[in-house]
1. Using +1 at the Cβ of each Lys and Arg and -1 at the Cβ of each Asp and Glu in the chain, identify which of Gly150, Tyr103, Ala93 lies farthest towards the dipole's positive end.
2. Counting other Cβ atoms within 10 Å, keep those with at most 12, restrict to DSSP loop, and tell me which trypsin sites (Lys or Arg not before Pro) in the range 131-192 are left.
3. Return the long-range amide H neighbours of Glu69 (sequence gap of 5 or more, or a different chain), with a cut-off of under 5 Å between placed amide H atoms.
4. Would you mind giving the three semi-axes, in whole Å and largest first, of the ellipsoid equivalent to the range 1-103 according to its Cα gyration tensor?
5. Keeping all protein chains in place, calculate the accessible area per residue for the chain (probe 1.4 angstrom), answer in Å².
6. Which value in nm describes the separation of the simple spin-label points at Phe189 and Asp5, placed 7 Å from the Cα toward the beta carbon?
7. Suppose R0 equals 30 Å. What FRET efficiency, 1/(1 + (r/R0)^6) with r the Cβ-Cβ distance, do Ser142 and Arg26 give to the nearest 0.05?
8. Please list, or write none, the lysines whose alpha carbon is within less than 28 Å of the alpha carbon of Lys187, excluding same-chain residues fewer than 8 places away.
Amino acid sequence: SPGFDPSLFTRRMPPEQWQAYLEDKRRPLENKALKGQYPPGSTFKIITALAGLAEGLIDERTAVFCGGEYKLGNATFRCWNRKGHGQVNLRGALRESCDVYFYQLGERLGVDKLALYAQKFALGEPLGVGIENEKSGFVPTSAWKEKKTGEKWFTGETLSVAIGQGFLTTTPVQLAAMTAGLATGGKIFRPH
């Protein structure tokens, strides 16, 4: 989305229609699966969970209390469920997509550990599908921010990344490959 009428390509397209497609800010002719770079949102919570498990910070029984928000310094990070999820373990946090669980885990991991595990699932790099101009998405690190802005990375920025937001972007095909990798025990397939 946005779409276009494919039957217009079966005959000579009116020049004004072609021009309208080229000038459309939504870029309807662009291959969004390979070129669209979007925050992955809650799908990234799977990577946060895997990183926590691999680093030994959590196991499937590790539980936290979600009251609908998480305080970090003087900032408040809200869960999508304003009433909270109550006591929730890893399985429940994934099932309910509990932001507070992943805020807390992301804080413990740090952005560089999150980046390491994201990169293990081929996020932040083109998959090499053999089609021109495939985009890479972006996985932020503390070194990247310091180089780019001259500022240190803030923990609050990590909380956003832990739930798939902030500076983090992926392409839809990367998320498909990530999900396939999870289903196959870590083998990343590169579509072609």
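The values are calculated or read from the model by the stated rules, or taken from the named source; none is laboratory data. Here the structure is a predicted model, which means the values were calculated and not measured. Here the Cβ is made from the backbone with ideal geometry for all residues, glycine too, and neighbour counts use every protein chain on show. When the accessible area is computed, the model is the full protein with side chains, heavy atoms only, and any ligands, DNA or RNA have been set aside. Shrake-Rupley method; radii C 1.70, N 1.55, O 1.52, S 1.80 Å.
1. Ranked along the dipole, the leading option is Ala93.
2. Of the trypsin sites (Lys or Arg not before Pro), the ones in loops of the range 131-192 whose Cβ has at most 12 other Cβ atoms within 10 Å are Lys152, Lys187.
3. Cys79
4. They are 45, 16, 12 Å, listed from largest to smallest.
5. 57
6. 3.6
7. Between Ser142 and Arg26 the formula returns 0.30.
8. Lys187 reaches Lys32, Lys35, Lys45, Lys113, Lys120, Lys135.
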